[in-house]
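Student: Have a look at this one.
The values are calculated or read from the model by the stated rules, or taken from the named source; none is laboratory data. All values derive from a computational prediction rather than experimental measurement. No Cβ is skipped: glycine too gets one built from the backbone with ideal geometry, and neighbour counts run over all protein chains shown.
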Amino acid sequence: MLVRPKDGILDPQGRAVERSLRQLGFGVVEARVGRVIDLDVDAATVEEARSEAERMCERLLANPLIESYEIAVEAAGR
Amino acid sequence: MSEPRPRIAVLVFPGSNDDYDAAWALSALGAEPVAVWHAERELPRVEAVVLPGGFSYGDYLRAGAIARFAPAMEAVAAFAAGGGPVLGICNGFQILCEAGLLPGVLRPNESLSFVCRDVAVRVERTDTPFTSRCAEGQRLVVPVKHGEGCFHADEELLAELEAAGQVVLRYEPGENPNGSVADVAAVASATGNVLGLMPHPEHAVDPLLGSGDGGLLLASLVDAARERLYARA
């Protein structure tokens with residue numbers, strides 16, 4: 001899961017990173033900092049794993065007031 | 001003292017660090033504090049609940065995000081639903097927001113710096129269990145110490161909160177330590193019996209430490225708790 005601040009939400013971390021990158025000479029217009037959460041889950045199908053991941057984001061991993069999330073699922077092939 | 005001492009629960013999470021100060025302050029102001037470990041499923045018989053400051057669960061993920069699922073929080077939600085007064089201080093405020101008992105959310109400070117200093121706040125409402133001893137417009141000096149105290153509500157929610165008078169304390173002009181929207185320092189639930197604030201009233205009870213203004217807020221809570229005790233009798 002990729003959880004990051006929604007558009008329009010003040011992201012002080014992103015702003016600090018953006019300033020720092022500019023100081024290093026990189027042409028950065030905007031930086032936003034989120035977090036990646038890697039999970040290994042037991043699920044029968046990719047769809048089941050995805051719907052579990054969605055519930056996890058809604059309940060705990062993201063705060064919908066300020067954060068959006070994206071989910072990518074890969075089958076481990078066990 | 002002839003007045004009865006109402007019992008007030010002080011929740012203790014792994015990482016709470018102001019629980020003893022809160023208990024000391026409540027006791028100094030005429031209540032009997034009762035420490036309640038986060039893993040308890042029920043509250044003992046109490047007339048009010050305080051969620052103290054600290055860094056529950058290391059502030060991992062988001063401040064308050066993990067503590068809200070502590071077993072004791074269900075009991076706190078039920079207590080609040082029954083009209084019981086619940087006060088969240090700093091990390092307690094963050095937990096109440098994450099739990100949905102208070103509107104909005106607390107974000108990392110705009111400055112990204114931890115702030116630790118006295119701030120002046122203005123009392124916007126006195127008809128709450130937390131401000132009854134204050135005068136409207138009164139200026140209180142109370143310390144803050146936090147890294148994630150920037151209150152955020154989107155425009156729509158903020159307009160709702162303002163219209164309903166749920167902003168109970170506001171940082172005085174130029175005093176906002178964290179970038180909170182509309183200088184919000186304390187927010188109440190729509191029902192008025194749940195309040196969260198970033199400043200630490202328990203650190204401003206004895207004037208020897210610079211200000212006794214926090215004592216007004218906590219003494220208001222003790223009054224409200226005592227009234228509940230009388231109502232119960």
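Student: For region A:35-78, how many residues meet the condition of being polar (S, T, N, Q), without any contact (Cβ under 8 Å) to a residue 60 or more places away in the chain and under 30 Å from B:L102 (Cα atoms)?
Tutor: 2
Student: Sticking with this one: Collect the residues in region B:137-168 that are touching a residue at least 12 places away in the same chain (Cβ under 8 Å), more than 17 Å from the chain's Cα centre (by Cα) and farther than 20 Å from B:V194 by Cβ, keeping them in residue-number order.
Tutor: B:G137, B:Q138, B:R139, listed by residue number.
Student: A follow-up question, please. Among the listed residues A:A44, A:A31, identify the single one that is loosely packed, with under 10 Cβ neighbours inside 10 Å, assigned to a loop (DSSP other than H, G, I, E, B) and not charged (D, E, K, R).
Tutor: It is A:A44.
Student: Here are some residues: B:A67, B:A31, B:A22. Which one is modelled with pLDDT under 95 and under 17 Å from the mean Cα position of the chain (by Cα)?
Tutor: B:A67
Student: Here's another thing I want to ask about it. Filter region B:80-110 for residues that are among the small types (G, A, S) and part of a loop (DSSP other than H, G, I, E, B); which is nearest to the other protein chains (Cβ to nearest Cβ)?
Tutor: Result: B:G104.
Student: Right, next: Taking into account only those residues within region B:202-233 that are hydroxyl-bearing (S, T, Y) and in a helix (DSSP H, G or I), which is farthest from B:G30 (Cα to Cα)?
Tutor: The extreme case among them is B:Y230.
Student: Moving to a separate point now. Condition check: more than 10 Å from chain B (Cβ to nearest Cβ), at negative phi and at pLDDT below 95. Does A:D42 satisfy that?
Tutor: yes
Student: Among the listed residues A:I9, A:I37, identify the single one that is under 19 Å from B:G147 (Cβ atoms), within 14 Å of chain B (Cβ to nearest Cβ) and among the β-branched types (V, I, T).
Tutor: Just one listed residue meets the conditions, A:I9.
Student: Here are B:V187, B:V194, B:V168: which of them is surrounded by 22 or more Cβ atoms within 10 Å (Cβ to Cβ), closer than 27 Å to B:G82 by Cβ and either within 14 Å of chain A (Cβ to nearest Cβ) or at pLDDT below 95 (or both)?
Tutor: Going through B:V187, B:V194, B:V168 in turn, just one is surrounded by 22 or more Cβ atoms within 10 Å (Cβ to Cβ), closer than 27 Å to B:G82 by Cβ and either within 14 Å of chain A (Cβ to nearest Cβ) or at pLDDT below 95 (or both): B:V187.
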